[in-house]
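Trainee: I'd like to ask some things about the structure below.
Read-outs: derived from the displayed coordinates by stated rules, not from any lab. Source: prediction; values computed, not measured. Glycine also receives a Cβ, built like all others from the backbone with ideal geometry; neighbour counts cover every protein chain displayed.
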Amino acid sequence: MQIVTDPAAMQQLAFTWRDQGGRIVLVPTMGYFHEGHLSLMAYGRGQGDHLVVSIFVNPTQFGPQEDLDRYPRDLERDCDLAAKQGVDVIFAPNAEQMYPPGYQTFVEVTEVTRGLCGASRPIHFRGVATVVLKLFNLVQPHVAVFGEKDYQQLIAMQRMVADLNVPVTVIGRPLVREADGLALSSRNVYLNPEERRTALKLSQALFLARDMAAQGERSRERLFAAITPLLDAEPLLRLDYLSLVDNHTLAELPTIQHTARLAIAAYVGQIRLIDNILLEVP
């Protein structure tokens, strides 16, 4: 496995692979891998000839009061885990390389980023879209693999490649949970034991809604009336949003027609966590 830090070197390697007829797969990450990341790599390994995993904690997607400096990092550990998944290249540039002096160009995906995380993190998706498009230009992938845990990010990147005619297929893969239901996240390492217990209420609320939908409940109002008491009862939990949205447009829905996405974000102590689940009415 190679470790490439220079963007120009990564791009030249990608051009060489393409000239040789190779099919390139990219898994974009911010590192500090967990089983969710590894599942994306395992899937990506089967989608092409060359598997690249980028590790870049992107400063332009963090707001001024967010956890850019605290975000967990361990490149040596990440490289060991990636090598075991058959990754060909770790692309790990630094911020100065990705945003050199004089940098002034950004990408915005407008409608699907308005709600959910976009409402409380107004610059977040501009930073995400910008860095992902840069990664696409540098790595030249045929396929990019994203996790469904960041569901709004997945939809925004699919919208971006469609709108800008970017020749990359963006694939979403299922969210991975711990045995007790907690959605895997690099930020889970911040949780103390009491906060971790509280964090389970997020997935428990989603599971309750999923079960209600499976039994025929379609009403947003009745779903929320059932699950919000679980969240309100936790003093360590502060809800950012709870939204029932269309799977593709992310528009808010009053009722479920066939399927919908229930998404949640909350602060547990000082740690912001997100989760979502597909609701299906028979």
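Trainee: Ranking Ser186, Ser219 by Cβ neighbours within 10 Å, fewest first, what do you get?
Mentor: The most exposed by this proxy come first: Ser219, Ser186.
Trainee: Would you kindly calculate the mean projected area, averaged across all directions, of the convex hull enclosing the Cα atoms of the stretch 186-280, in square nanometres?
Mentor: Answer in nm², one decimal: 5.9.
Trainee: Measuring from the lowest to the highest alpha carbon on each principal axis, how far does the stretch 109-155 reach, largest first, in angstroms?
Mentor: Cα extents, longest axis first: 31, 19, 14 Å.
Trainee: Can you figure out the FRET efficiency of Thr249 with Glu108, using R₀ = 30 Å and their beta-carbon distance, to the nearest 0.05?
Mentor: 0.95
Trainee: Another question about this same structure. Over all pairs of distinct alpha carbons, what does the Kirkwood formula give as the hydrodynamic radius of the chain, in Å?
Mentor: It works out to 19.7 Å.
Trainee: Check each of the chymotrypsin sites (Phe, Trp or Tyr not before Pro) in the stretch 69-127 and keep only those in coil by DSSP with at most 15 other C-beta atoms within 10 angstrom; list them in order.
Mentor: Tyr103, Phe106
Trainee: Determine the calculated [θ] at 222 nm for the chain from helices alone, applying -39500 (n - 2.57) to every DSSP H run no shorter than 4 residues and normalising by the residue count; nearest 500 deg cm²/dmol.
Mentor: It comes out at -11500 deg cm²/dmol, rounded to the nearest 500.
Trainee: Going by C-beta contacts inside 10 Å, put His142, His37, His258 in order with the fewest on the left.
Mentor: His258, His142, His37
Trainee: Let me ask you something else. In whole Å, what are the extents of the stretch 1-102 along the principal axes defined by its C-alpha atoms, from largest to smallest?
Mentor: 44, 35, 20
Trainee: To make sure I understand the rule: partners must be aspartates and glutamates, Cα under 15 Å from the Cα of Lys149, and not fewer than 8 residues away in the same chain. Which ones qualify?
Mentor: Glu35, Glu178, Asp275
Trainee: By the scheme Lys and Arg +1, Asp and Glu -1, what is the net charge of all other residues having a beta-carbon under 14 Å from that of Gly86?
Mentor: Value of the local net charge: -1.
Trainee: Which whole-number percentage describes the relative contact order of the chain, with Cα contacts under 8 Å and a sequence gap of 6 or more?
Mentor: After rounding, I find 17 percent.
Trainee: Counting other Cβ atoms within 10 Å, which GluC sites (Glu not before Pro) in the stretch 42-144 have at most 16 and lie in a DSSP loop?
Mentor: Glu66, Glu108, Glu111
Trainee: Any idea how far the Cα center of the stretch 190-224 sits from the one of the stretch 116-163, in Å?
Mentor: Answer, in whole Å: 26.
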